[in-house]
Amino acid sequence: MSRKTFIGKSISTGTGMGNLFVIQDYELNINNDIVELSQIENEITALEVAVCKTFIEIHDLKDGFKGILSEEENRIFEFYKEVLDDRTFFEEMRNTIKEKRYSATKAIYTCIQKYIDDLTQSNDEYIKLRIYDLNDIRKRLIKNMYDECETNIGKINSNHIAVVKELTPIIAATLSKKNVKGVVAQEGAGYYSHGSIILRSSGIPTIGDISFEKLANEEDSFSIIDCTSNILVVEPEELEVLNYKSTINYHINNKEIENRGPVSTKDGHAVGIHANISNVRDFSIAKTINIDGIGLVRTEALFINYKKIPDEKRQFLIYSKIAKDMAGKPVVIRTADVGGDKVPESLGINSESLKRSSRGIKRSLEQKSEFMIQLKSIIRAAEFGDVRVSFPMVSNVQEIREVKDIINKLTEDLILNNKEVKKIKIGALIETASAVEQLDEILKEVDFISIGTNDLLHQICNYNRKCSPLEKRTYLEPELLRKIKYCIDRAIHINKKVSVCGEMAADLEAAVILIGMGVHELSLNPVSCSNISKFIRSINFNEAKKLAKDVIECSSIEGVKDILAHWMCSGM
Ligand code: PEP
Ligand code: MG
């Protein structure tokens, strides 16, 4: 065997080594014969049985992932259950068998194909991604018609790199549970697909867009998956293996914890490393790694995960637990960012009313009583640590003034009720174009700002985040970089702390630009914190400054990528 490389698009971070394990695709065994009249009822019964079996299969899988996936991620399976439980869909298949005298397998195939064809027409990338889910449901239904055995996925183990033709949420969840070394997929691994979300948040290095057919011949070959370079190296050379071994990531289950205190560049420039947390699992990881604090608690996750809005007591318990466990390190609690692609069932918002409703702080100010409960819980939790509060999707300074008035009022009431109250630091997420325009005014009102590059990027590119076609590294867009630089400069000018808390902060090359721009802190998913810390310790601030200066003068994203590639190749 000789060394081969396969280039794709990575959707998570990290590096892994292991033997390739090719996950067999289900064979779609379709009976194309016209069904005898006397056999029609039998076909319908077989269809019913297959639907039931598939439903139970999904239900069991979902149950099996409790405690491993967050509730939010577990809800991905609900889509499968809804489709299988949909009477209209069942009737459609049933009528196709009766009227067209199709076999049950052919009825399943054609009826689902009709939906897939409809979805293919959609311009909504998020909806298009459901095609993979429908395909998976179809395969499972047909497999269950014949009682065919499962694929070989059950045999994969934590020493393998999985090769899959089509990444579905279920395959992703199974691979996450098996804690594989990496995943390579041909389809279904778009940056925002459900399967990708699961693997990314499990810290499993994953690369999409690599031909399944070519890799199917490489079964069992020792390989390296490297998300930084978007590459899978099959049968690497010995020296390469040694190099990768020395740089290999702090994978979530390596339990390798960097406990070397504060993070700074080789030439002594300090950078705060904070974690973003959206669920219990994120928090458990955050507690085990060397970080300076929690830079973003996405509290809307609470509203999404609970069937009803958590009351003051519950919210207080959760926020104070985070504060206590962080033992005096700063914890920035962001008030609920409801709206956009974040739709909690508990608030009774459906996708239609959502289109008309506001998002982030604007919505909170419209829903005062719900907002006051949350603010009060946060203020009370401050007694147990360095709790700070920040506000999402701020679009003007007036909103900040209004929330400050509410906080003052709540604080006075608590004091009147003999409650211990600590003064709480106030921050704003800078993630809308209008917040950037009003930045100087906003900065005067707050103690710190966090730049939310995920939303800011989508605003600049004029895309709805829910169905975003934007690729991961679009955040290297010079226009976004210039806006970030402006925000950092203005904050430093007025002596206020500034952090970046979007996905961008977890990308090594993007992080070096942010550091060169002078950002004080990076807040990122906990899985990537150790890797970023290690990387920062290997770079020079002076070089990062020069790099940042050069990239913001670029006129295109390609120019930025060229400069970065050149810098990486020059050995940093
Ligand atoms: C952001 O927009 O960059 C951000 C951190 O907020 P969220 O991803 O929660 O919208
Ligand atoms: Mg945001």
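Just one of the numbered conditions (1) modelled with pLDDT of 90 or more; (2) more than 26 Å from the chain's Cα centre (by Cα) is not true of residue 18: (2).
When residue 264 is tested against the conditions (1) surrounded by 18 or more Cβ atoms within 10 Å (Cβ to Cβ); (2) polar (S, T, N, Q); (3) modelled with pLDDT of 85 or more, the lone failure is (1). For segment 358-395, give me each residue that is within 16 Å of ligand 2 (Cβ to nearest atom), among the hydroxyl-bearing types (Ser, Thr, Tyr) and out of contact with any strand residue (DSSP E or B) (no Cβ under 6 Å at 6 or more places or on another chain). 358, 364, 395 - these are the residues of segment 358-395 that are within 16 Å of ligand 2 (Cβ to nearest atom), among the hydroxyl-bearing types (Ser, Thr, Tyr) and out of contact with any strand residue (DSSP E or B) (no Cβ under 6 Å at 6 or more places or on another chain). Could you tell me whether any residue of segment 501-517 is within 16 Å of ligand 2 (Cβ to nearest atom) and not in a helix (DSSP H, G or I)? Among the residues of segment 501-517, at least one is within 16 Å of ligand 2 (Cβ to nearest atom) and not in a helix (DSSP H, G or I), which makes the answer yes. One residue alone among 155, 106, 139 is buried (at least 18 other Cβ atoms within 10 Å of the Cβ) and within 30 Å of residue 19 (Cα to Cα), and that residue is 139.
Quick grid of which residues meet (1) in contact with a helix residue (DSSP H, G or I) (Cβ under 7 Å, 6 or more places away or on another chain); (2) under 27 Å from residue 58 (Cβ atoms):
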position: 173; (1), (2): yes, yes
position: 200; (1), (2): no, yes
position: 206; (1), (2): yes, yes
position: 243; (1), (2): no, no
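Scanning segment 362-382 for residues that are modelled with pLDDT of 95 or more, away from ligand 1 (no atom under 16 Å from the Cβ) and of a type outside the set (A, V, I, L, M) turns up 371, 376, 377, 380.
Yes/no per residue for (1) within 16 Å of ligand 1 (Cβ to nearest atom); (2) surrounded by 13 or more Cβ atoms within 10 Å (Cβ to Cβ); (3) in a helix (DSSP H, G or I):
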{"site": "393", "(1), (2), (3)": "yes, yes, no"}
{"site": "400", "(1), (2), (3)": "no, yes, yes"}
{"site": "412", "(1), (2), (3)": "no, no, yes"}
{"site": "418", "(1), (2), (3)": "no, no, no"}
{"site": "422", "(1), (2), (3)": "no, yes, no"}
{"site": "426", "(1), (2), (3)": "no, yes, no"}
{"site": "429", "(1), (2), (3)": "yes, yes, no"}
{"site": "443", "(1), (2), (3)": "no, yes, yes"}
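Say whether the condition of being over 24 Å from residue 488 (Cβ atoms), out of contact with any helix residue (DSSP H, G or I) (no Cβ under 6 Å at 6 or more places or on another chain), away from ligand 2 (no atom under 16 Å from the Cβ) and modelled with pLDDT under 95 is met by at least one residue in segment 422-442. Yes, the conditions are met somewhere in segment 422-442.
Only residues that are away from ligand 1 (no atom under 15 Å from the Cβ) and either open to solvent by less than 10 Å² (accessible area, probe 1.4 Å) or not in a loop (DSSP other than H, G, I, E, B) (or both) were counted in segment 489-500, giving 6. Here is a check on your reading of the model: is residue 478 under 24 Å from the mean Cα position of the chain (by Cα), at pLDDT 90 or above and within 16 Å of ligand 2 (Cβ to nearest atom)? So residue 478 does not fit the description; no. Checking the condition within 15 Å of ligand 1 (Cβ to nearest atom) and modelled with pLDDT of 95 or more, which residue from 304, 273, 277, 294 passes? Just one listed residue meets the conditions, 294. Within segment 5-28, the set of residues being open to solvent by less than 80 Å² (accessible area, probe 1.4 Å) and either charged (D, E, K, R) or within 20 Å of residue 90 (Cα to Cα) (or both) comprises 25, 28. The set of residues from segment 377-391 being open to solvent by less than 50 Å² (accessible area, probe 1.4 Å) and in a helix (DSSP H, G or I) comprises 377, 378, 379, 381, 382. Scanning segment 506-521 for residues that are surrounded by 23 or more Cβ atoms within 10 Å (Cβ to Cβ) and within 17 Å of residue 552 (Cα to Cα) yields a count of 9.
Taking the condition under 24 Å from residue 298 (Cβ atoms) and away from ligand 2 (no atom under 16 Å from the Cβ), does residue 451 pass? In short, no.
Listed by first and then second residue, the pairs linking a residue in segment 397-412 that is touching a residue at least 24 places away in the same chain (Cβ under 8 Å) to a residue that is open to solvent by 90 Å² or more (accessible area, probe 1.4 Å), with Cβ atoms under 9 Å apart and 6 or more places separating them unless they lie on different chains, are 397/444; 399/362; 411/423. If you scan segment 445-454, which residues turn out to be open to solvent by 10 Å² or more (accessible area, probe 1.4 Å) and either part of a loop (DSSP other than H, G, I, E, B) or away from ligand 1 (no atom under 12 Å from the Cβ) (or both)? Correct list: 445, 447, 448.
The values are calculated or read from the model by the stated rules, or taken from the named source; none is laboratory data. What you see is a predicted model, and the numbers here were worked out from it, not measured in a lab. Neighbour counts run over all protein chains shown; Cβ positions are idealised from the backbone, glycine included. For the accessible areas, the whole protein counts, side chains as well, though only heavy atoms, and no ligand, DNA or RNA atoms are used. Shrake-Rupley method; radii C 1.70, N 1.55, O 1.52, S 1.80 Å.
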